[in-house]
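*Asks:* What follows is a structure written as C-alpha cells; I'll ask about it next.
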Amino acid sequence: MTENHGTRGEQALLKSWLATAAELYPAAVLKELGLYQPARHGIRPPLPHEQGLGVRFSRSYPFPAFTTDPEMPPDPRAEAFERFVRPLAAPAFDEAFEVLRQYLGARSRVLDVYCGLGETTRIMTPMVPDGEVVGVEPEPALLQEAFQRTREVGLGNVAFFQGTSEDLPEDFERAFDVVFVPLSLHTYPDLTAMAGELFRVCGREAYVFIIEPSPAWYQRASETLQASIGEPTRGETEPSHDPFPQAGALESSLGAAGFAHYCWEELLPDIGLHVAMK
C-alpha cells in the first residue's frame with residue numbers, strides 16, 4: 001500500500017514538473033527576450049520614497065509565536081502543498097521577485113503571509129539587509145520547520161508568527177512596508193475580510209503583492225496534491241472562460257478596504273501578480 005502510494009505520488013509529481021518545464025521555463029526565457037508579452041491591467045504604483053520601517057519584530061520574537069500547540073501534526077494537504085505543489089510555481093516566483101525587488105529599500109519591513117516552509121521568507125531577507133521579513137503560517141509544524149531552516153542558514157532579521165491573512169496579530173497594525181501573499185488566495189473565500197486585514201497591517205504608502213494562479217493551474221496542481229497524499233484523482237472541472245476569475249473581485253475588495261492603487265499583470269502563463277498600494 002505504501003509502495004503504491006509513493007509510486008502514484010512520484011508519477012504525478014514527475015508529470016507536473018515536466019508540464020512546468022515545458023511551459024513556464026520557456027515562457028520565462030521568451031519574456032526575457034521580449035518575445036512573450038504578458039497581459040496587463042493598469043500600471044504599477046510609484047516606487048517608494050523612504051528606505052523602510054527597519055527592524056522590530058525579529059528583535060522581540062527570537063522564536064516562533066504560536067497560537068496553538070506547536071507539536072500538533074500538520075494538515076496532510078497543507079504539508080503536501082508546500083512540499084510538492086508550491087515548488088512548481090518557482091519560475092513565476094522568480095518573475096514576481098524581479099518586480100517586488102524594485103519596491104524594497106534597505107530598511108523595508110516585509111510581511112510574508114502563508115510562508116509555508118519559509119522559502120520565500122529566506123529569499124526576501126537578503127533584499128532588506130537593514131530591515132526584516134516576518135513570516136506568517138497557519139500550520140504550526142510548517143512554521144517550526146521554517147524557523148529551523150532559517151536559523152540553519154544564519155539569517156537573523158527574521159521572525160515567525162502563526163496566523164492567516166484574515167487573522168493577523170494585533171501589534172501588526174500599520175507595521176509593514178510590503179506585504180507578500182503567494183499562492184493562498186484560494187484558501188481565503190472572504191476576500192473582504194482579507195483585504196481589510198491587509199490594509200490594517202500596511203504602513204503609510206505600503207504595498208501588497210499577491211501571486212495567484214488561474215483555476216487551470218490549480219487543476220493541474222491538484223492532481224499532484226491528491227496523489228501525494230493517496231487520494232484518488234478527481235475528474236477535471238468545467239474550465240472557466242476567464243483565466244483569472246477572482247481578479248475583478250479582488251480589485252473591488254482591495255479598493256473597498258482603502259487601497260488607492262491596483263494593477264494586475266501576468267507573470268507567466270496561468271500565474272498572475274496583483275499589486276496594491278495604500
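Please treat every number below as a calculation from the coordinates, not as lab data. Remember, it's a predicted structure, so these values are computed and weren't measured experimentally. Here the Cβ is made from the backbone with ideal geometry for all residues, glycine too, and neighbour counts use every protein chain on show.
*Asks:* Would you compute, from DSSP H runs of 4+ residues alone, the mean residue ellipticity of the chain at 222 nm, taking -39500 (n - 2.57) per run and dividing by the full residue count, rounded to the nearest 500?
*Replies:* Calculated at 222 nm, the ellipticity per residue is -12000 deg cm²/dmol.
*Asks:* Here's something else I'd like to know. Would you mind classifying region 53-102 by shape? Square roots of the alpha carbon gyration tensor eigenvalues, ordered a ≥ b ≥ c; an a/c under 1.5 is rounded, otherwise it is prolate if a/b is larger than b/c and oblate if not.
*Replies:* oblate
*Asks:* In the Gaussian network model of the chain, springs joining C-alpha atoms below 10 Å, which of HIS261, HIS41, HIS49 carries the largest mean-square fluctuation?
*Replies:* Of HIS261, HIS41, HIS49, the most mobile in the Gaussian network model is HIS49.
*Asks:* Please state, to two decimals, what the Cα-based radius of gyration of region 81-155 comes to when divided by 2.2 N^0.38 Å (N = residues).
*Replies:* Normalised Rg, Cα atoms only: 1.08.
*Asks:* So what J values fall out for region 248-261 if you push phi through Karplus, 6.51 cos²θ - 1.76 cosθ + 1.60 with θ = phi - 60°, rounded to Hz, Gly and Pro as x?
*Replies:* For region 248-261, the Karplus curve yields x, 5, 5, 4, 5, 5, 5, x, 5, 6, x, 5, 8, 9 Hz.
*Asks:* When the distances between all Cα atoms of the chain are binned every 10 Å from zero, what whole-number percent does each bin get?
*Replies:* The percentages, shortest bin first, are 7, 28, 37, 23, 5, 0.
*Asks:* Here's another thing I want to ask about it. Got the relative contact order for the chain handy, in percent, Cα pairs under 8 Å and 6 or more residues apart?
*Replies:* About 25 percent, as a whole number.
*Asks:* To continue, here is another question. Which residues' amide hydrogens lie under 5 Å from the amide hydrogen of LEU267, considering only partners 5 or more residues apart or on another chain, with H built in the peptide plane?
*Replies:* GLY272, LEU273
*Asks:* Could you work out how much longer the chain between GLU170 and TYR25 gets when fully extended? Use 0.36 nm per residue separation minus the Cα distance between them, nm to one decimal.
*Replies:* Length gained between GLU170 and TYR25: 48.2 nm.
*Asks:* Explain nothing, just compute: Karplus ³J(HN,Hα) = 6.51 cos²θ - 1.76 cosθ + 1.60, θ = phi - 60°, for every residue of region 123-134 in order, whole Hz, x for Gly and Pro.
*Replies:* 5, 7, 4, x, 6, 10, x, 10, x, 7, 10, 10
*Asks:* Return, ordered by residue number, the residues of region 13-52 whose backbone nitrogen is under 16 Å from a label point located 7 Å along Cα→Cβ of ALA216.
*Replies:* Residues 19-28, 37-40 fall inside that zone.
*Asks:* What ranking of TYR36, TYR207 emerges when the number of other C-beta atoms within 10 Å of each C-beta is taken as an exposure proxy, fewest first?
*Replies:* Taking fewest neighbouring Cβ atoms as first place, the list is TYR36, TYR207.
*Asks:* Relative to 2.2 N^0.38 Å, what does the C-alpha radius of gyration of region 61-197 come to as a ratio? Two decimals please.
*Replies:* Expressed relative to 2.2 N^0.38 Å, the Cα Rg reads 0.99.
*Asks:* Further question: Once you place label points 7 Å from the Cα toward the Cβ at PHE63 and ARG44, how far apart are they in nm?
*Replies:* Distance between label points: 4.1 nm.
*Asks:* Would you mind checking which residues have amide H under 5 Å from ALA65's amide H? H placed 1.01 Å from N; only 5 or more apart, or other chain.
*Replies:* Distant-sequence amide H within range of ALA65: PHE160, PHE161, GLN162.
*Asks:* Which FRET efficiency value, to the nearest 0.05, is calculated for GLU32 and GLN102 with the Förster distance at 22 angstrom and r the Cβ-Cβ distance?
*Replies:* The value I calculate is 0.85.
*Asks:* From the backbone phi of region 156-166, what are the Karplus-calculated ³J(HN,Hα) couplings (6.51 cos²θ - 1.76 cosθ + 1.60, θ = phi - 60°) in whole Hz, Gly and Pro given as x?
*Replies:* Values per residue, Gly and Pro as x: x, 8, 9, 9, 10, 9, 8, x, 10, 5, 9 Hz.
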